[in-house]
Amino acid sequence: RTVIRAPFDAIVDERDVELGAYVKDGSPIALLVDEDPYLVVAQVSENDIGRLKRNGKGRATLVTGHEVEGRIYYIAASADEATRTYRVELLVPNPGGKLRHGTTAELKFPTELIQAHFITPAVLTLNDSGAVGVRCVETGGKVAFYPVDIVDSTADGIWIAGLPEQTELIMVGQEFVRQGDRVRVIGGEREDPAPAKVRGAPAS
């Protein structure tokens, strides 16, 4: 008779055989789940993977709203061939077994601080080369196009990087003007341009 012992403390989550059954070498007999610590797994895009470092900090927000913090345990060296994303594992403590296997979570990793502006996505436009950006009114009423990067998004709008600290966006009619055109602002009161906020850009 053979006595099989688990190599670590865990919970038997699934049992593939019954007492007295015959099994072949290499056949799975049970699924063991180690509850503490837990791995939270995400797929990170090609654009963001370079911002992450092993042992860096991360935060997982579970579908229940519960938040846990941990450190980056693993970063894949090669991308998934189908999605072109990289597997990243966040190791988080789970005392008391509060986290459950298979729970959906959103991961955020703090990276470098960048200057960003919060806008509505409706302001975004394309230039003649197909670059995504915004059109602004500069000194003398001249139109300028700034390519931007979307660094975060919420239900209310998006954060973009690539603009001067203060700028005046063309909110309506940006599709009808081009770089270097001169415009005159009419209708309503002209608001002072709001300064940018400095924030950390999360990768998720």
Restricting the stretch 99-135 to residues that are over 21 Å from the mean Cα position of the chain (by Cα) and assigned to a strand (DSSP E or B), the residue that is farthest from ASN55 (Cα to Cα)
ARG135
Count, please, the residues in the stretch 40-65 that happen to be within 10 Å of PHE109 (Cβ to Cβ) and of a type in the set (Val, Ile, Thr).
1
Under 30 Å from ASP13 (Cβ atoms) and touching a residue at least 24 places away in the same chain (Cβ under 8 Å) - does that describe any residue in the stretch 109-122?
yes
Identify, please: which residue in the stretch 136-159 is part of a strand (DSSP E or B) and among the small types (Gly, Ala, Ser) and is, among those, surrounded by the fewest Cβ atoms within 10 Å (Cβ to Cβ)?
SER153
Please give the number of the condition ASN47 fails out of (1) without any contact (Cβ under 8 Å) to a residue 12 or more places away in the chain; (2) under 30 Å from GLY173 (Cβ atoms); (3) of a type in the set (S, T, N, Q).
(2)
Hey, any hits in the stretch 101-115 for a residue that's farther than 30 Å from PRO37 by Cβ and surrounded by 14 or more Cβ atoms within 10 Å (Cβ to Cβ)?
yes
Quick check on my filter: what residues within the stretch 77-116 are touching a Phe, Trp or Tyr at 6+ places or on another chain (Cβ under 6 Å) and farther than 27 Å from ALA161 by Cβ?
GLU89, LEU91, VAL92, ASN94, LEU99
Just to be sure I understand, how many residues within the stretch 1-42 are of a type in the set (D, E, K, R) and under 28 Å from GLY56 (Cα atoms)?
4
Single residue of the stretch 25-60 satisfying the filter (at pLDDT 85 or above and small (Gly, Ala, Ser)) that is surrounded by the most Cβ atoms within 10 Å (Cβ to Cβ):
GLY58
Are any residues in the stretch 86-100 over 16 Å from TYR73 (Cβ atoms) and at pLDDT 80 or above, and if so, which ones?
PRO95, ARG100
What do you reckon, is ILE72 modelled with pLDDT of 90 or more, crowded, with 16+ Cβ neighbours inside 10 Å and not assigned by TED's automatic domain parsing to the domain that holds PRO164?
yes
Elements of type strands (runs of 3 or more DSSP E) in the stretch 1-98, at least 2 residues being out of contact with any helix residue (DSSP H, G or I) (no Cβ under 6 Å at 6 or more places or on another chain) and acidic (Asp, Glu):
11-15, 67-75
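The values are calculated or read from the model by the stated rules, or taken from the named source; none is laboratory data. Owing to the predicted nature of the structure, the values given are computational and were not obtained by experimental measurement. Counting neighbours? That spans all protein chains shown, and the Cβs are built from the backbone with ideal geometry, glycine included.
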